Structure formats: structure tokens, C-alpha cells
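A quick write-up on the structure given underneath.
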Amino acid sequence: MDAAISLQPPYDYFNFAEICHKDSTLTSTQYLTLINKELCFVSKKHKSLLQNAITVFQSRTNSTTNFYEYYHNYWRHRYEENNLINLQKRTREGLDETTSNVVGFMVATAKRVCL
């Protein structure tokens, strides 16, 4: 959390989300839990930064705020990116399996022909 204060803005949610690599619900829960715990241990000077981070984060449900738009765009992009990565992984696995099956069939056919 020491590094979190030096972020711009301090205690930035999106930097936390990039490190966390969880879904939106778990990331948001962990972020708010950590921020609230940190409130108990920081100096008065840093408390206002934490309280501001909480206020900004809570505005994710208010469609008139900038954070709302950033938050929803961020998670939409991240889900799309994860889906694309998963699709590419499944495609590679499918191609590998198909290649293995074809090679196995060719070897079996060659053995039958040569006998």
C-alpha cells in the first residue's frame, strides 16, 4: 500500500485491478476492503486521500460520473480481452489435437500399407 499513495491518482482502482487479475466483483471487494483497512493505519494527511479514493470508487454506480464510464469501459474491455485469449487458447488446443489425430491416422495407415 505504500506504493499506492504515489499513484496518480493516489490509491488508483485501475492500477489495483491490473495487479489483482480477478473478476470485477472480487477485484472491487478486495480493493474496498484494503482501502478501508488502510484507513486505520495511515496518517491524517493520507486519510483524506483514502477517503477520496473511496468516494470516487463508490461513484461507479452513478452514471453521471466519469468514474462510472471508465469503470464500465475498463471491465467490458477486460472481459472481451479475456474472452479473446480463451478463444485463441481453445483454437490452438483444437488444432494441436487435430494435428495429433491426423498424424496418428497417417502412421496407422502407413503401417497397414507396409505390412
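The values are calculated or read from the model by the stated rules, or taken from the named source; none is laboratory data. Computed from a predicted model, the values in this text were never measured in an experiment. In this analysis, Cβ positions are derived from the backbone assuming ideal geometry, glycine residues included, and neighbour counts consider all displayed protein chains.
A few comments on the model shown:
- For segment 93-115, the set of residues classified as among the charged types (D, E, K, R) and either modelled with pLDDT of 95 or more or exposed (fewer than 10 other Cβ atoms within 10 Å of the Cβ) (or both) consists of 111, 112, listed by residue number.
- Residues considered: 25, 29. Of these, the only one that is surrounded by fewer than 16 Cβ atoms within 10 Å (Cβ to Cβ), within 17 Å of the chain's Cα centre (by Cα) and closer than 22 Å to residue 83 by Cβ is 25.
- Residue check, residue 19 loosely packed, with under 14 Cβ neighbours inside 10 Å and among the β-branched types (Val, Ile, Thr): yes
- Count of residues meeting criterion [modelled with pLDDT under 95 and of a type in the set (S, T, N, Q)] in segment 66-87: 3
- Check on residue 63, loosely packed, with under 12 Cβ neighbours inside 10 Å and either modelled with pLDDT of 95 or more or among the acidic types (Asp, Glu) (or both): yes
- Residue 49 of a type in the set (A, V, I, L, M), within 24 Å of residue 8 (Cβ to Cβ), touching a residue at least 40 places away in the same chain (Cβ under 8 Å) and surrounded by 14 or more Cβ atoms within 10 Å (Cβ to Cβ): yes
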